[in-house]
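Student: This structure is in structure tokens; I'll ask about it shortly.
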Amino acid sequence: MKAALISIGDEILSGNTIDTNSNYIAQELKKIGISIQQVMAVQDEIETIKSALRLSLDLADIVITTGGLGPTKDDKTKIAFASFFEDHLVTDEATDKRLRDLLKKRQREHIYEFTKSQAQILSRAKVFANENGTAPCQMIEKDGKITFCLPGVPYEAKPLVKNKIIPFLAEKYAAEHIITRTVSVVGIPESLLSHKIEAWENALPEDITLSYLPVGNRIKLRLTTSGKDLQFIEKRLSEKVEQLRPLIGEKVIAWNGDDIQQILKEILTDRKLTISSAESCTGGEISKLLTSLPGSGEYYLGGITAYDFHKKIEILHVSEKTIDEKTVVSEEVAQEMSLGCQRLFSSDIAVSTTGVAGPEPDEFGNPVGIVYYSIRVKGFEHTHSLFLPHLDRGDFIKFVSQRVLQDLVKILTDENRSATIQK
């Protein structure tokens, strides 16, 4: 089965709102063997929506739209749906009652007249009740294809997908399994990597696809396949991944890991290591990554965002003399920050960053894009510098944070360093 996703709303196209719904829906559909053929964002205009529906239904068996279901005049999705499917709108009594009860509970009965249009649905639609909002999900079946019309608010759309749509589709279709394996490679340009594994790639079966996904200077090789026999396709995919070991084994930091924080979590929990962070130019992004996973409290002890150099001195005990002589953005300050952090939290590992994210040079005259970071693993210490003047502030912060954790994973998985780290 194939699906297409349509995000409706000017706020998506303007860049003011990030479309997190499509990413979530695609992941949930993949779990039940439904692949995504297309994701698009369109204006909340009747003819534009109708055109998107026509194109999507030509490509896919299932179409899911999000957004454009508000009670205001600029929300035209239902009108577009009624026109496209040659239907008309009626009031759904169950939805209307739920709306009245919700407004009464919130002591907002006086706005019913302005919101009652939320209970309007296509006359031939099946309704999935929205437990977290006022606009229900509608499902329209026509010519053997299914279209779902969802509200755009993520805390409404996501539960509808997980609790209503996915179970419905899983029961309706005996879908194939879709599985992926992600091999994380570092220290090699994408062009050279492609050359080294060219023969292996060319020999892959047609039903196994390979994607090159750069993240910072890490390259994720994502292999995807599908089939009804889960055990068989898992075994075959593992065999193909194993064939990479003699080709690029020394460049791989994870044989089955996607996000760097997930890869690191598995290493830290397996070895019972703890970590802390002292950040300046990354502004807490490393801490955010480390705490983004459930169970991170087992290994992440805490972090300090010491943005002002006085706090580096006060909290992390960076030497004022070092700052005077080397400036706050220097190898020496990064090293003293990680040492102070390791001592403060009594952690096995500490990482630190100091640099200039921009858009202007710092008060010491250090240029935009310079960064030093230090990684301490017990008695071992590694400092590195990068110069990234081409990145804007947001991309700089994300790139550096990913790179720090990536280098840490590389250190922890380097057998040649293991003896040094144990000291």
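Student: Please say if the stretch 313-412 is rounded, prolate or oblate, where rounded means a/c under 1.5 for a ≥ b ≥ c the square roots of the C-alpha gyration tensor eigenvalues, and otherwise the choice is prolate for a/b larger than b/c and oblate otherwise? Mind showing how you got there, number by number?
Tutor: Numbers: a/c = 2.24, a/b = 1.20, b/c = 1.86.
Oblate, since a/c reaches 1.5 and b/c is not below a/b.
Student: Find the accessible area per residue for the stretch 288-423; the probe is 1.4 Å, ligands and nucleic acids are left out, and the unit is Å².
Tutor: Accessible area per residue, the stretch 288-423: 49 Å².
Student: Ok, one more. Restricting to the chain, what percent of DSSP beta bridges are antiparallel, rounded to 5? Each step should come with its number before you reach the end.
Tutor: Working: 45 of 71 bridges.
The answer is about 65 percent antiparallel.
Student: Enter the angle in degrees (range 0 to 90, nearest 10) between the Cα long axis of helix 20-31 and the first principal axis of the Cα atoms of the chain, meaning the one along which they spread out most.
Tutor: 90
Student: Okay, moving on. Please list, in chain and number order, the residues 5+ apart from Cys281 or on another chain whose amide H is under 5 Å from its amide H, with Hs placed from the backbone.
Tutor: Amide H neighbours of Cys281, under 5 Å, 5+ apart: Thr354, Gly355.
Student: Another question about this same structure. Note the full-extension length gain between Glu206 and His88 as 0.36 nm times their separation in residues minus their Cα-Cα distance, in nm to one decimal.
Tutor: Numbers: separation 118, 0.36 × 118 = 42.48 nm, distance 4.52 nm.
My answer for the length gained is 38.0 nm.
Student: For the chain, modelled as a Gaussian network with Cα springs under 10 Å, which listed residue fluctuates most, Lys50, Lys158, Lys172?
Tutor: Lys172
Student: Right, here's the next one. Once amide H atoms are built 1.01 Å from N in the peptide plane, which residues 5 or more positions from Ile36, or in another chain, come under 5 Å H to H?
Tutor: Result for Ile36 returns Ala3.
Student: Can you give me the long-range amide H partners of Ala254? Hydrogens built in the peptide plane at 1.01 Å from N, cutoff under 5 Å, separation of 5 or more residues or another chain.
Tutor: Residues meeting the amide H criterion: Ser184.
Student: List, in order, the whole-Hz ³J(HN,Hα) value for each residue of the stretch 227-235 obtained from phi through the Karplus relation with A = 6.51, B = -1.76, C = 1.60 and θ = phi - 60°; use x for Gly and Pro.
Tutor: Coupling constants for the stretch 227-235: x, 7, 8, 4, 4, 5, 6, 5, 5 Hz.
Student: Select one label from (1) 24.1; (2) 24.9; (3) 23.5: the one whose number is Kirkwood radius over Cα pairs in Å as derived from the coordinates shown.
Tutor: Matching the structure shown: (2).
Student: Where does helix 260-271 land angle-wise versus the long Cα axis of the chain, in degrees 0 to 90, nearest 10?
Tutor: Helix 260-271 and the main axis of the chain meet at about 60 degrees.
Student: So if we plug the beta-carbon distance of Lys321 and His390 into 1/(1 + (r/R0)^6) with R0 = 35 Å, what FRET efficiency do we get, rounded to 0.05? Kindly include the intermediate steps, with their values, before the conclusion.
Tutor: Details: r = 34 Å, r/R0 = 0.96.
E(calc), rounded to 0.05, equals 0.55.
Student: Report in % the part of the accessible area of the stretch 139-296 that belongs to carbon and sulfur, leaving out ligands and nucleic acids; probe 1.4 Å. Spell out each step's value before the answer.
Tutor: On the way: 3790 of 7560 Å².
The computed percentage sits at 50.
Student: Could you do me a favour and compute the accessible area per residue for the stretch 196-274, 1.4 Å probe, result in Å²?
Tutor: 54
Student: If you count only protein heavy atoms and use a 1.4 Å probe, how large is the accessible surface of His110, to the nearest 10 Å²?
Tutor: For His110, solvent-accessible area is about 140 Å².
Student: A follow-up question, please. Can you list the HN-Hα couplings for the stretch 203-215, worked out from phi with the Karplus curve (6.51, -1.76, 1.60; θ = phi - 60°), rounded to whole Hz and with x for Gly and Pro?
Tutor: Running phi through 6.51 cos²θ - 1.76 cosθ + 1.60 with θ = phi - 60° gives 8, 5, x, 4, 8, 10, 9, 10, 10, 9, 10, x, 9 Hz.
Student: Can you compute 3J(HN,Hα) from phi for each residue in the stretch 294-305, using the Karplus curve 6.51 cos²θ - 1.76 cosθ + 1.60 with θ = phi - 60°, rounded to whole Hz and x for Gly and Pro?
Tutor: Each residue's phi maps through the Karplus curve to give x, x, 5, x, 6, 10, 9, 8, x, x, 10, 9 Hz.
Student: Anyone know which of Thr91, Thr274, Thr354 comes out most mobile in the 10 Å Cα GNM of the chain?
Tutor: Comparing Thr91, Thr274, Thr354 in the GNM, the peak value goes to Thr91.
Student: While we're on this one: For helix 93-105, what angle does its Cα long axis make with the longest principal axis of the chain, in degrees from 0 to 90 and rounded to 10?
Tutor: With both axes taken from Cα atoms, the answer is about 50 degrees.
Student: Taking a ≥ b ≥ c as the square roots of the eigenvalues of the Cα gyration tensor of the stretch 153-224, is the shape rounded (a/c under 1.5), prolate (a/b larger than b/c) or oblate? Walk me through the intermediate numbers first.
Tutor: Values: a/c = 5.24, a/b = 1.87, b/c = 2.80.
Taking the square roots of the gyration eigenvalues as a ≥ b ≥ c, the stretch 153-224 is oblate.
Student: Could you work out [θ]222 nm for the chain from helices alone, using -39500 (n - 2.57) per DSSP H run of at least four and dividing by all its residues? Round to the nearest 500 deg cm²/dmol.
Tutor: On the way: 19 runs with 170 residues, N = 423.
After summing the helix terms and dividing by the residues of the chain, the value is -11500 deg cm²/dmol.
The values are calculated or read from the model by the stated rules, or taken from the named source; none is laboratory data. Keep in mind the model is a prediction, meaning the values are calculated, not measured. Reconstructed Cβ throughout: ideal geometry from the backbone, glycine too, with neighbour counts over all protein chains shown. Only protein heavy atoms, including side chains, enter the accessible area calculation; ligands, DNA and RNA are left aside. Shrake-Rupley method; radii C 1.70, N 1.55, O 1.52, S 1.80 Å.
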